[in-house]
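First up is the structure itself, then whatever we jot down about it.
The values are calculated or read from the model by the stated rules, or taken from the named source; none is laboratory data. This is a predicted model, so every value here is computed, not measured. Using ideal geometry, Cβ is built from the backbone for each residue, glycine included, and neighbour counts are taken over all protein chains shown. Heads up: the accessible areas ignore ligands, DNA and RNA and are worked out on the full protein's heavy atoms, side chains in. Shrake-Rupley method; radii C 1.70, N 1.55, O 1.52, S 1.80 Å.
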Amino acid sequence: MANPDFNLAFEPSYGQPVAVAPGVQRLTVNNPSPFTFHGTNSYIVGDRSVAVIDPGPEDEAHLAALMAALDGRAVTHILISHTHRDHSPLARRLQDITGAPTVAEGPHRAARPLHEGEINPFAESADMAFRPDIALVDGETIEGDGWRLTGVHTPGHAANHMAFALEGTGILFSADHVMAWATSIVAPPDGSMTDYMGSLDKLIARRDRLLFPGHGGPVRKPLSFMRALKTHRRMRERAVLGRIKAGDRSIPEMVKVIYRETDPRLHGAAALSVFAHIEDLIERGEIETDGPPALLGSYRPARER
């Protein structure tokens, strides 16, 4: 299966701010993993007074590095793209020090209610305690000294996922929705493939010139890259539907074939991605199951009507 042109070249420069655009610095947390790549990116936007985007997880070294990078500059806003624990928890500590209000789409929530007996496999990764001081709606702008950031609601990876457009620059902080190094995890019930694809179309229509993601390096050709991501997701969808038509009935059966070249450590996340496609295919009437869709459910092609 063809992939987008992923770029794995990235130097995290832990503890050191990296200038990535005029008035924009990146600082990467030393929390590498199969899901975070080299770590979570925090961004400092502005010159004399600044906004901090995604302070990151509870990490003393990163907090110290952030404060050193700020170098006495006032923080006027702390923006949170979404409430996974690798992005938002350090906001509380940073707010205690700076007094800046937190800004986000809203508190953590699932994309849909849990079905009876269902367990949220990503529940422990959610920062349920976070509540923004300012709830930013889609298209709303906040301003600082020489910068303006507009919220772009992009649900899919998380229901409250928000990208931030740096007005007048063509730069979008895309967080975990679009990343240069890999596809985003879409895991029900927190995530929704239907929402993800809609948000991807929304970003494609924006035609930004440069994306700064929550992990890894920038996306320098966003339009072609996002179109390739969309094609990749549709190919995954066709692969899932093809496996079901070929006789596979369970998600583990499908993962074994579709993700045979993927690191086995990521097969759990792959199963959740297949589940997200299955929910979307059920909603569109392509496949069927008995009762609500489930990670361990059994699936079949839809009957001819």
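Return the inverse of the average 1/r over all pairs of distinct C-alpha atoms in the stretch 71-180, which is the Kirkwood hydrodynamic radius, in Å to one decimal.
Kirkwood radius, the stretch 71-180: 14.9 Å.
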- Distance histogram in 10 Å bins (all Cα pairs of the stretch 153-286, percent per bin): 12, 43, 31, 12, 2, 0
- Query: For the chain, which whole percent of the accessible surface, found with a 1.4 angstrom probe, sits on carbon and sulfur atoms?
  - Reply: 52 percent
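Under the Kirkwood approximation applied to all pairs of distinct alpha-carbon atoms, what is the hydrodynamic radius of the chain in Å?
Computed over Cα pairs of the chain, the Kirkwood hydrodynamic radius comes out at 19.9 Å.
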- Query: Per residue, how much accessible area does the chain show when a 1.4 Å probe rolls over the protein heavy atoms, in square angstrom?
  - Reply: 44 Å²
- Task: List the pair-distance distribution P(r) of the stretch 222-292, using every Cα-Cα distance, as the percent of pairs falling in each 5 Å bin from 0 up to the bin containing the longest distance, rounded to whole percents.
- Result: 3, 15, 26, 24, 17, 10, 3, 1, 0
- Mind grabbing the base-10 log of I(q)/I(0) for the stretch 121-175 at q = 0.25 Å⁻¹? Debye formula, identical points on the C-alpha positions, no solvent, two decimal places. -1.07
- Please name which of Gly168, Ile142, Ala129 has its Cα lying farthest along the dipole of the stretch 118-233 towards the positive end, using unit charges on Cβ (Lys, Arg +1; Asp, Glu -1) and the Cα centre as origin. Gly168
- Query: So which residue, out of Pro121, Pro264, Pro132, gets the largest mean-square fluctuation from a GNM of the chain using Cα contacts under 10 Å as springs?
  - Reply: Pro264
- Message: Roughly how far apart, in whole Å, are the Cα centres of the stretch 231-271 and the stretch 76-99?
- Response: 36 Å
- Item | Rounded to 5, the percent of DSSP beta bridges in the chain classed as antiparallel | 70 percent
- Reach of Lys230 by Cα under 16 Å, taken over lysines that are not fewer than 8 positions away in the same chain: Lys202, Lys221
- What ranking, highest mean first, results for peptides 163-175, 250-262, 202-214 when packing means the other Cβ atoms within 10 Å averaged over each residue? 163-175, 202-214, 250-262
- Query: Under a point-charge model restricted to the Cβ atoms of Lys and Arg (+1) and Asp and Glu (-1), what is the dipole moment magnitude of the chain relative to its Cα centre, in debye to the nearest 20?
  - Reply: 1020 debye
- Item | Range of Cα positions in the stretch 1-151 per principal axis (Å), largest first | 52, 36, 31
- Message: Run through the stretch 1-89 and list the chymotrypsin sites (Phe, Trp or Tyr not before Pro) located in a DSSP loop whose Cβ has at most 11 other Cβ atoms within 10 Å.
- Response: none
- Message: Can you return the aspartates and glutamates within cross-link range of Lys256? Criterion is Cα-Cα under 16 Å, with same-chain partners fewer than 8 residues away left out.
- Response: Glu237, Asp248
- Message: Under the rule of at least 5 residues apart or a separate chain, name every residue whose amide H is placed under 5 Å from the amide H of Ile287.
- Response: Ile282, Ala302
- Taking a label point 7 Å from the Cα of His115 along the Cα→Cβ vector, which residues of the stretch 247-276 have an amide N closer than 12 Å to it? 251, 275-276
- For q = 0.22, 0.28, 0.31 Å⁻¹, what log10 I(q)/I(0) does the stretch 62-101 give under the Debye formula with an equal point scatterer on each alpha carbon and no solvent? -0.72, -1.08, -1.22
- Could you tell me the convex hull volume per residue, in Å³, taken over the Cα atoms of the stretch 1-66? 108 Å³
- Message: Could you identify which residue out of Glu237, Glu286, Glu116 has the top mean-square fluctuation in a GNM of the chain using Cα springs shorter than 10 Å?
- Response: Glu116
- Message: Quick check: net charge around Val152, other residues with Cβ under 11 Å of its Cβ, Lys/Arg +1 and Asp/Glu -1?
- Response: -2
